[in-house]
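Notes to accompany the following structure.
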Amino acid sequence: MKRRIGILTSGGDCPGLNAAIRGVARAAYELFDAEIIGIRNGYGGLIEGEYQEMSKKQFSGILTLGGTILGTSRQPFRNMRVIDERGVDKVAAMKKTYKDLKLDCLVTLGGNGTHKTANLLSEEGLNVIGLPKTIDNDIYGTDFTFGFHTAVDIATDVIDRIHTTATSHGRCMVIEIMGNKAGWLTLYAGLAGGADVILLPEVPYDIEKVAEAVEARAKSKKAFSIIAVAEGAMSEEEAKMKKKEREAYRATLPYDCISKRIAAQLSEMVGVEARHVVPGHIQRGGSPSAYDRVLSTQFGVHAAELIRDEIYGVTVALDGNEIIHNKLKDIAGVPKPVPKDDHVLVTARNMGICMGD
């Protein structure tokens, strides 16, 4: 029996998307008679009917390729049921494209917003399977998302390189790692890179405690300090504010990012020479690591197996060493912050790494 499979990548790009696409396609061709339709630029392409019929050769040579061959875009979930200025009903348009293409299922590769829309489409009667990608590792129900380990490698390499500069000049270097709501990337990269202070969104910091840690290193004849801070980290005072209050407060400050602010505070409080570094989108680019190539492939192959068995309304996940799947309705929109008893966080604390609290 022939199955027509639509595939799209949505949200921010990350390493491993093409490897996952390849995994779906190659397993589908192997397991059953498959036709694969590539939806261009995420849910935007599904809304506008932008697609291409894919051939087998298009999935060759993409295992190591960063980004996504299908293109991607951000379509905020909160706007999915809002009629746009052109009068387009986005949900109705996506359902129409699905039916016009005579798809048997839709495979969506993306993060939290992507999964919420995937669940919406599943509830609307479409056959949907999700694949969890994000460098933030903040999708509920899976130990790891693909893209995360590559970003950890890149962020760790940044910290390693900054380490040599910090040592040579005797500086305090504040490195801002991606992660607005979840600190997984900063935690893992900070530990791997030998950071002296790690600041996460989940652990509001006291700048006095951070200053004490930096000062203690200076007094012990360690002339430099490395601080890894998540872009979404906040002080204890800010953590007590509502989101809009916090945004309004930050708008009054003369700093455009958290790392610049902390560097300035430490320079004033401790008298150290402090600099901030923002590697930014470097962390989400380039070729996937070996780990992510394997994980992406496993996720993609499992998606093809689910299509073969006609199991829909689910997303693929990693549980220990096992590839499993969870119901979309159980994980869509559920946050996955770093818990206070996380074993990596506990490891950092037990090594004497300052967490700012």
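The values are calculated or read from the model by the stated rules, or taken from the named source; none is laboratory data. The structure displayed is predicted, hence computed values, not measured ones. We place every Cβ from the backbone using ideal geometry, glycine too, and count neighbours over all the protein chains shown. All accessible areas refer to the heavy atoms of the entire protein, side chains included, with ligands and DNA or RNA removed. Shrake-Rupley method; radii C 1.70, N 1.55, O 1.52, S 1.80 Å.
Karplus-based coupling profile of segment 119-128, in residue order and whole Hz: 5, 4, 5, 5, 5, 7, x, 7, 7, 10, with θ = phi - 60° in 6.51 cos²θ - 1.76 cosθ + 1.60 and x standing for Gly or Pro. Ligands, DNA and RNA left out, the 1.4 Å accessible surface of segment 72-226 is 48% carbon and sulfur atoms. Taken one residue at a time, the phi angles of segment 258-273 give Karplus couplings (6.51, -1.76, 1.60, θ = phi - 60°) of 5, 5, 5, 5, 5, 4, 5, 5, 5, 4, 6, 7, 9, x, 7, 7 Hz. Gly and Pro are set to x. Distances between placed amide hydrogens fall under 5 Å for CYS172 paired with SER225, GLU273, ALA274, ARG275, all partners being 5 or more residues away or on another chain. Once the Cα atoms of helix 148-169 and of the chain are each reduced to a long axis, what angle between those two axes, in degrees from 0 to 90 to the nearest 10, is obtained? With rounding to tens, the tilt is 20 degrees.
For LYS222, the lysines whose Cα falls under 28 Å of its own Cα, not counting residues fewer than eight places away in the same chain, are LYS209, LYS260. For segment 93-106, putting each phi into the Karplus relation 6.51 cos²θ - 1.76 cosθ + 1.60 with θ = phi - 60° gives couplings of 5, 5, 5, 5, 4, 4, 6, 4, 7, 6, 6, 8, 6, 10 Hz, in residue order, rounded to whole numbers and with x for Gly and Pro. In the chain, the DSSP-assigned H stretches of four residues or longer account for a calculated mean residue ellipticity at 222 nm of -12500 deg cm²/dmol, using -39500 (n - 2.57) per stretch and the full residue count as denominator.
Available extension along the chain between GLU268 and THR167 is 34.3 nm, counting 0.36 nm per residue and deducting the alpha carbon span.
Report note on the peptides 171-178, 265-272: ranked by the mean count of other C-beta atoms within 10 Å, highest first, their order is 171-178, 265-272.
Simple point charges give the picture: +1 on the Cβ of Lys and Arg, -1 on the Cβ of Asp and Glu, and for the chain a dipole about the Cα centre of about 580 debye. Ranking PHE59, ALA304, ALA239 by how far each Cα lies toward the positive end of the dipole of the chain (charges on Cβ) leaves PHE59 at the top. For GLU35, the residues whose modelled amide H falls within less than 5 Å of its own, excluding neighbours fewer than 5 places apart on the same chain, are ARG3, ARG4, ILE5.
Based on C-alpha pairs under 8 angstrom that are at least 6 apart in sequence, segment 115-172 has a relative contact order of 19 percent. Between LYS329, LYS95, LYS219, the GNM of the chain built on Cα springs shorter than 10 angstrom shows LYS219 fluctuating the most.
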